[in-house]
Amino acid sequence: MTLGLGLKRPKMVALIAIFGALSLLFTQVWVPLFFGNPNLGSTPITLAAVLCPMPVGVVSGIIKGLGASLWTGQPYIEIPAGVGDALMAILTNLLSRRLKRKVYAVVAGQLSRYLFTSGMIALYIGLAVSLGSSGPEAATLQSLQKRLPMSMHLASYLPSPMANILIVWLAISPAVTLSIMGNIIVSAAVITIAGERLGELMRL
């Protein structure tokens with residue numbers, strides 16, 4: 001049986017295993033911040049999205065989220081981030097089919113993480129706390145509120161769920177920005193230097 005681009009199922013599974021493992025490995029290249037650890041974990045997901053059929057990048061994103069949640073002990077951050085990276089992979093794959101220069105798809109896909117990755121983290125934590133969670137989500141939100149001076153104003157003018165989501169999104173933006181910048185540089189360099197050759201290897 002073939003899947004996408006004529007790839008057979010065993011090769012699809014092999015590619016998912018390779019890029020999923022790479023995404024976990026690259027999460028170890030990180031910068032410690034007060035919230036979140038910007039890392040290069042989404043670089044293999046971006047490369048998979050550009051070079052392989054869509055399912056490879058999507059599943060690699062989920063693998064990254066699940067795996068990172070185990071070694072960080074923060075599933076309430078890493079699993080939503082993995083879902084966001086999977087959505088980023090979908091967009092990147094679609095753009096790579098339509099744009100002549102794949103590097104543009106890389107940049108656009110990574111920038112979409114402000115919406116997808118940050119959005120999923122903020123949505124989960126914000127809604128969990130609004131619905132009464134007293135676990136690590138609540139502690140995380142309280143910590144972020146202390147670091148974000150405008151949080152009290154947001155809480156005054158917006159409904160609680162919306163304020164919580166926005167507070168988390170704004171507070172994690174510095175970490176996400178560093179992550180996006182690093183992943184754009186590495187992913188764009190790989191695609192520019194070796195994109196065609198790697199694409200040929202993926203189709204063998």
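Please treat every number below as a calculation from the coordinates, not as lab data. Keep in mind that what you see is a predicted model, and the values were worked out from it rather than measured. Counting neighbours? That spans all protein chains shown, and the Cβs are built from the backbone with ideal geometry, glycine included.
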Evaluate E = 1/(1 + (r/R0)^6) for Ala21 and Leu94, where r is the Cβ-Cβ distance and R0 equals 25 Å; express this FRET efficiency to the nearest 0.05. 0.50
Suppose we keep just the alpha-carbon trace of region 36-144; what are its Rg and Dmax in angstrom? 14.7, 49
Expressed in nm to one decimal, what extension gain is obtained for the pair Leu70 and Arg197 from 0.36 nm per residue of sequence separation less their Cα-Cα distance? 42.3 nm
Can you compute the charge dipole magnitude of region 42-135 about its Cα centre, using +1 on each Lys and Arg Cβ and -1 on each Asp and Glu Cβ, nothing else charged? Give it in debye, rounded to the nearest 20. 520 debye
What does the extension gain come out to for Val29 and Leu131, with contour length at 0.36 nm per residue minus their alpha carbon separation? 33.3 nm
P(r) tail fraction, region 97-183 - alpha-carbon pairs more than 15 Å apart, %: 61 percent
Mean Cβ-within-10 Å packing, highest first, puts peptides 181-189, 135-143 in the order 181-189, 135-143
Alpha-carbon Rg with Dmax, taken over region 23-100, Å: 12.4, 41
Output the peptides 80-89, 17-26, 162-171, 194-203 sorted from most to least packed, where packing is the average of other Cβ atoms within 10 Å over each peptide's residues. 80-89, 162-171, 17-26, 194-203
Per residue, the convex hull volume that the Cα atoms of the chain enclose (Å³): 119 Å³
Under 16 Å Cα to Cα from Lys102, which aspartates and glutamates show up? Leave out anything in the same chain fewer than 8 places away. Glu196, Glu200
Normalised contact order of the chain, rounded percent, pairs of Cα under 8 Å and 6 or more residues apart: 21 percent
Within the chain, which complete DSSP H helices have Cα atoms spanning at least 24 Å along the helix axis and a mean Kyte-Doolittle hydropathy of 0.5 or higher? 9-26, 54-72, 75-98, 160-203
